[in-house]
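Colleague: Sharing a structure with you now.
The values are calculated or read from the model by the stated rules, or taken from the named source; none is laboratory data. Since the model is a prediction, treat every value here as computed from it, not as a measurement. Heads up, the Cβs are rebuilt from the backbone with ideal geometry, glycines too, and the neighbour counts pull from every protein chain shown. Heads up: the accessible areas ignore ligands, DNA and RNA and are worked out on the full protein's heavy atoms, side chains in. Shrake-Rupley method; radii C 1.70, N 1.55, O 1.52, S 1.80 Å.
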Amino acid sequence: MTVAQQIITVAVVVAGTMLTRFLPFVLFPAGKPTPKYIQYLGKVLPPAVFGLLVVYCLKNVSIFEGSRGIPEFISIAAVIVLHVWKRQMLLSIAGGTVLYMVLVQTVF
């Protein structure tokens, strides 16, 4: 990349970052109520994204070969138990990830 291309790339990244940071404050100022559809999306999108991630992560798990999906399902159970117990999303995700990596590296 030439110096001009590098400068343009950095400028585009900075502009994109600033746009995504400032746009919500411009569209939804503090004095106005948040539109109902934005509130609805705020409620339904997080669980939908996590459901999509679970499906994506388990799409190549085969119960007929290898470890038969055992470490994946043990880790999913651990995530559920941690989340029901502590109600901390990051703890649940980190705990399940660490458990999965330990199981894959040492047991299976």
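Colleague: Could you list, in sequence order, the residues of region 28-42 that are in a helix (DSSP H, G or I), open to solvent by 100 Å² or more (accessible area, probe 1.4 Å) and of a type outside the set (Lys, Arg)?
Modeller: Across region 28-42, the qualifying residues are 37, 40.
Colleague: Could you figure out which of (1) at positive phi; (2) more than 19 Å from the chain's Cα centre (by Cα) isn't true of residue 87?
Modeller: For residue 87, the failing item is (2).
Colleague: Turning to a different aspect of this structure: Among the numbered conditions (1) more than 21 Å from residue 105 (Cβ to Cβ); (2) at pLDDT 90 or above; (3) surrounded by 13 or more Cβ atoms within 10 Å (Cβ to Cβ), tell me where residue 86 comes up short.
Modeller: Of the numbered conditions (1) more than 21 Å from residue 105 (Cβ to Cβ); (2) at pLDDT 90 or above; (3) surrounded by 13 or more Cβ atoms within 10 Å (Cβ to Cβ), the odd one out for residue 86 is (3).
Colleague: Let me ask something additional. Given the condition touching a helix residue (DSSP H, G or I) at 6+ places or on another chain (Cβ under 9 Å), outside any helix (DSSP H, G or I) and at pLDDT below 95, answer yes or no: does some residue in region 66-81 qualify?
Modeller: Yes; the residues of region 66-81 include at least one that is touching a helix residue (DSSP H, G or I) at 6+ places or on another chain (Cβ under 9 Å), outside any helix (DSSP H, G or I) and at pLDDT below 95.
Colleague: Further question: Between 65, 72, which is surrounded by 12 or more Cβ atoms within 10 Å (Cβ to Cβ) and acidic (Asp, Glu)?
Modeller: None of the other options fit; the residue is 72.
Colleague: May I pose another question? For region 1-56, give me the residue count where each residue is among the small types (Gly, Ala, Ser) and more than 30 Å from residue 89 (Cβ to Cβ).
Modeller: Here the count works out to 4.
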